[in-house]
Amino acid sequence: MRIAIPRETHPGECRVPVTPEVAKKLVRLGAELIVESGMGSGAGYSDEEYTEAGASVSSDRNGLISNADMLLRLRKPTLEEIGQMKRGCIHVSYLDPFNEHGLVNAFKDAGITSISMEMIPRTTRSQKMDALSSQANLAGYVAVIEAAAALPRIFPMMMTPAGTLKPANVFVIGAGVAGLQAIATAKRLGAKVTAFDTRPVTAEQVRSLGAKFLEIDLGETGETAGGYAQELTPEQVEKQRQAQKELIAKSDVVITTAQVFGRKPPVLVTKDMVEGMQPGSVIVDMAAETGGNVEGSVPNETVTIGGVTVIGKGNLAGEVARDASQMYSANLFNLVEDCWDKEQNKFVINFDHDIQPGCIITHDGAITNETIKNIVEGGA
């Protein structure tokens, strides 16, 4: 089976989908592996390292895409690239299928089997393939580092002959994978950390990291079967805002991580709340790219609102591209290995598999994921 790895072309993207170490593992599985020249340069990997791993290196991007039996990538393809793929090709990457209806239909019409890394089921067995979690983990770390760099004071308490410096107050909204890592990182840097999540079950995890959990009675809340926070009612969102308002005003750093899978994230920090913070304070809106938790945040930009620095930088995991590539590459390999038939020497599509039906979006000229099918065909 010919597996191809094109170079990522998205502006500013330095992560790579497959490292030389994983390339070697794919070759050992029995795959014929071809990578585009310069594919690994963003994370510091040379073409020679891929050659030594047993892969072929090609500078013919169009040929690489059109002759592949399987494409392993990070970012979604262009419509033009889908048109170059041969019918029956398997394409694996982030796809954003809830919003990219044109892309989903293009895959369907071209007869491509498309697998969305966002849609890997959140089960115990699939944890090793869960790219959303692996990248969110790193993003949570980077968010704190970005905040620390922008804050005009230090995080830890410091006792000196010139006086005592109080620890910075950090408030993390959302205690999922990214939020928990942000809490842990801020604590390591010596900050005083408080966190909140709509899922009461996360309170114990927050406290185990040495942070305080903000108690807000929102009524009935919880999480989906996939482990995501359930969407709040407008009344619950407003109640959360009001309960957090005083704490936000006293915080030196606020990090928002709240996202609802497949939907626009809730606005939890309004403009008046931002303006209520002390000048020099910092907010990192980790949801800025998908709509934002903070009113006034701008995707991929840092803005100042009433003296408060609001960071809306996207692709935070990409700031540590080497480690992010290593983790994403491992996620990809674990998926491929789990579905690899050693006798046929190829990746086998099997809708009786316990993971594939959830993450396969299109196959054999049809949209096979029922959730995405209803949204795309229903125009929702």
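The values are calculated or read from the model by the stated rules, or taken from the named source; none is laboratory data. All figures in this text were calculated on a predicted structure; none of them were measured in a lab. Counting neighbours? That spans all protein chains shown, and the Cβs are built from the backbone with ideal geometry, glycine included. For accessibility, only protein heavy atoms count, side chains too; no ligands or nucleic acids. Shrake-Rupley method; radii C 1.70, N 1.55, O 1.52, S 1.80 Å.
Answer yes if at least one residue in region 346-363 is within 15 Å of N105 (Cα to Cα) and free of Cβ contacts under 8 Å to residues at least 40 places away in the same chain, and no otherwise. No, because not a single residue in region 346-363 is within 15 Å of N105 (Cα to Cα) and free of Cβ contacts under 8 Å to residues at least 40 places away in the same chain. Listed here are the strands (runs of 3 or more DSSP E) enclosed by region 107-167 that have at least 2 residues being exposed (fewer than 15 other Cβ atoms within 10 Å of the Cβ): 158-160, 163-165. With respect to the conditions (1) surrounded by 24 or more Cβ atoms within 10 Å (Cβ to Cβ); (2) over 22 Å from the mean Cα position of the chain (by Cα), P20 lacks only one, and its number is (1).
In region 241-257, the residues that are in contact (Cβ under 8 Å) with a residue 24 or more places away in the chain reach residues that are surrounded by 14 or more Cβ atoms within 10 Å (Cβ to Cβ) and assigned to a helix (DSSP H, G or I) with C-beta atoms within less than 6 angstrom, at least six apart or across chains, in these pairs: K245/M273; I248/M273; V253/A147; V254/I248; I255/A143; I255/A182; T257/A178; T257/G179. Candidates are the residues of region 177-196 that are in contact with a strand residue (DSSP E or B) (Cβ under 7 Å, 6 or more places away or on another chain) and not aliphatic (A, V, I, L, M); the one that is most open to solvent (accessible area, probe 1.4 Å) is K192.
Restricting attention to region 350-369, the residues that are of a type in the set (D, E, K, R) and more than 23 Å from the chain's Cα centre (by Cα) total 2.
If you go through region 24-54 and pick out every residue that is touching a strand residue (DSSP E or B) at 6+ places or on another chain (Cβ under 6 Å), under 20 Å from R75 (Cβ atoms) and among the hydrophobic types (A, V, I, L, M, F, W, C), you end up with 5.
Conditions (1) open to solvent by less than 50 Å² (accessible area, probe 1.4 Å); (2) touching a helix residue (DSSP H, G or I) at 6+ places or on another chain (Cβ under 8 Å); (3) at positive phi, marked per residue:
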residue: E13; (1), (2), (3): yes, yes, no
residue: G40; (1), (2), (3): yes, yes, no
residue: A55; (1), (2), (3): yes, yes, no
residue: A68; (1), (2), (3): yes, no, no
residue: K76; (1), (2), (3): no, yes, no
residue: I82; (1), (2), (3): yes, yes, no
residue: Y94; (1), (2), (3): yes, yes, no
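Contact map, region 66-81: residues that are at pLDDT 95 or above paired with residues that are of a type in the set (F, W, Y), Cβ distance under 7 Å, separation 6+ or inter-chain. Pairs shown: M70/F347; L74/Y94; L74/Y328; R75/Y94; K76/Y94. For S59, indicate whether it is of a type in the set (G, A, S), closer than 25 Å to I3 by Cβ, touching a residue at least 12 places away in the same chain (Cβ under 8 Å) and open to solvent by 70 Å² or more (accessible area, probe 1.4 Å). It is true that S59 is of a type in the set (G, A, S), closer than 25 Å to I3 by Cβ, touching a residue at least 12 places away in the same chain (Cβ under 8 Å) and open to solvent by 70 Å² or more (accessible area, probe 1.4 Å).
For region 11-33, the set of residues classified as at pLDDT 95 or above, outside any helix (DSSP H, G or I) and farther than 12 Å from N345 by Cβ consists of E13, C14, R15, V16, P17, V18, T19, L33, listed by residue number.
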